[in-house]
1. Where a ≥ b ≥ c are the square roots of the eigenvalues of the C-alpha gyration tensor, would you call region 476-544 rounded, which needs a/c under 1.5, or, failing that, prolate if a/b is larger than b/c, or oblate?
2. Among residues other than Ala62 whose Cβ falls under 10 Å from its Cβ, what is the net charge (Lys/Arg +1, Asp/Glu -1)?
3. Whole number please: convex hull volume per residue, Cα atoms of region 59-102, in Å³.
4. Please report the spacing between the Cα centers of region 615-676 and region 215-238 in Å, no decimals.
5. Below 8 Å between Cα atoms, with a sequence gap of 6+, how large is the relative contact order for region 494-536 in percent?
6. Long-range amide H contacts for Val243: which residues qualify at under 5 Å (H placed 1.01 Å from N, peptide plane, sequence gap of 5 or more or a different chain)?
7. Under the classification rounded if a/c is under 1.5, otherwise prolate if a/b is larger than b/c and oblate if not, where does region 201-289 fall, given a ≥ b ≥ c as square roots of the Cα gyration tensor eigenvalues?
8. What is region 1-106 by shape, rounded, prolate or oblate, if you read a ≥ b ≥ c off the alpha carbon gyration tensor as root eigenvalues and call it rounded for a/c under 1.5, prolate for a/b larger than b/c, and oblate otherwise?
Amino acid sequence: MQSRRDVMIRTFVGQRLVRARGGHARHPVLLLLGPRGSGKTTLTGRLEAWGRRAPMAALDLAALDDGVHHPVDVLARIAFQLNARRRDFPPLALPSFAVLLMALSAEADPESRDAALGQMREALRAGRAEDHSLQVLRDLVTSVGVPMGLPGWSAAIVPLIQGWQRARVWWRLHRRLGRVPHGGSRAQLPADVLVELNQHFRHGTAAQRERAESVLLQAFLADLQGAYTKHGGDRARTLRCLVLLDNADSELGDAFLQALVEARAAAPGHPDPLVVVACARRTPEVLRQLELGPRPLGGYLSCWRPPEREDGPELFVPRVVTRPGGGARLEVAQLRPLDRAEVQEQAGAYVRRMPPAALAGLTHPVAWLGRTVHELTRGHPAAVRTVLEALEDFAPEVPCGRRLRMVMAPEGPHSVADTLLDLLLQDVPRELFDALPRAAAAVTLGQAASAGDLWRQGDAPSRLLRRLAHDDQHAERIAFDGHQHSILPDVVRRLLLGRLSLAAAAPDGTSPWDSAHDVLGAAAESGRVAAYHRLAGGDVQSAAAYLHDRFLAVCGGDGSAQAWCEELSWIQRAPRRWEPEAQGRSASAEFQHRIARAPGPPDLVMVTRLLVAGWITTHPATDPYAALWSDPLGDPAAELYPKIVDALQTLSGRLSDETDHDVLWQRAAAYERKPW
């Protein structure tokens, strides 16, 4: 099942793939960025299956065989795939590219190589009979030898040139090579240039090798352009060439992208018909070289734009990154997470397969499951798929809510926590890996890095956390209180908090969970953050007392109900430690277990009830801090909403200001309906 996100990208690529007669526009390489599990490989596979009617090449640049070492090897594979036979589509003519490829591939002594190049010139000279010319070419390919890294490559070159002798391939190559810059003032013969390129490619410096690769790339692009503009190509070729490159951030992929972008920039007036889609987990060096200064975290997510009208579709508009002064350019987009509707669409297929007993008590099971899984994973594609698949491995009578709890638990026979963490944290530095559960106790990565007492290993975790805060793979940017903050992705933080819950206690009996929140609470810059960490440590009374004092200030005219509600929302987002014995409790039972037993003033009791109910349950999307972490499995059926409504309406009666009174009533109204 394809998400709307992937369909939009496919539509974008499809619009570029179709060409009208006389259309010779050049489209920049589209670079799609996304962390592990974001769906890059899946998207590439679907584009490959969808685009088979067009000339197409699809390569995983991190999984090529051992013989592929250079951008030339990648280019050769692309050329051969593009030239595969397709119904109703004439084969591409790449004569100059094929001759140059043979020249760069020759492995022989200088004397033998000169003789081979002489044969090449004679074989391709105009006026030779086609059959005889092709036979000479086959002999030539055999004498040149099998090129590096491509068993059978020699035989594959022959079809690239077969039947093209009448197009005066040699003289076309002569003119093209005549434009290649070389040292000295004496004009070189084409054969001399070919020998020079061979020497540069095989035995030259890095710069000379890059020059030889650039010549081959420009010949390839020029041949493609000619195939679409000459000998009826403009009329016959209604589809451009699709090239799909997965793992373009590998060393080889980065080198190839750099060579391709530079070769295209060197010939701005010669548009080629390539439509290239490259996927990368890390930022390729070619993009770093084009960017001006540091970019904001998640900056390329701006490619996903809201609809221009209320009922219109979301827009996909990649950002163009161009070298100052023009020339080399890329189009860049970051794959967004799946939205709630896309997760709900996937959840529907699983709901239809679930036994009725698992869905008992759920009036809208598809909407409920989609919303809950989206809250748990925040739309991370791999996490969504893993969680939904794991729900099917239960006895029929196990309720769906309990299934989700067991799937997301940090341990147990149905837990997927370790599987997901291994995927999501695979690229994290090992020296930081063991420190991340403690970092997850903090609201933001900046808060974690600043809490010096949290780290027993010197300054390494703190320094690495600050670097992690600017890494698109492992951090997200979120805005609250008028500032931008770096946070761990929600699903990563949830899983890490589970590991922190399981961590063994210190010799003095203090659990790492309590220790981390004690340190963070002591380092807090505001009473709100301190109360958050006291609640996370299980000190309900202390957190309620802080909120009660703030409420009394509002009653006395010092502060507003709106600000108090925002503080309440913030503190309610505190995480709860995972406890095996709590997994079988209902939300109401958990509420009774957590509520403070000590008597107190009526307002304090009501504030405590409101705090605990909101700490356990999930919240409407209108909540002031809806973007912060919450646990949708604490109260999966929203049983505690009536308690929240009652507490808010009761507290509103203590307020004399009409505006403050209305704020609490409006907040209560948000909890009168289920959030799905």
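Read-outs: derived from the displayed coordinates by stated rules, not from any lab. What you see is a predicted model, and the numbers here were worked out from it, not measured in a lab. Methodologically, a virtual Cβ is constructed for each residue, glycine included, from the backbone with ideal geometry; neighbour enumeration extends over all protein chains shown.
1. Oblate.
2. -3
3. That works out to 82 Å³ per residue.
4. Region 615-676 and region 215-238 have Cα centres separated by 64 Å.
5. 25 percent
6. Amide H neighbours of Val243: Ala57, Val275, Val276, Val277.
7. oblate
8. Oblate.
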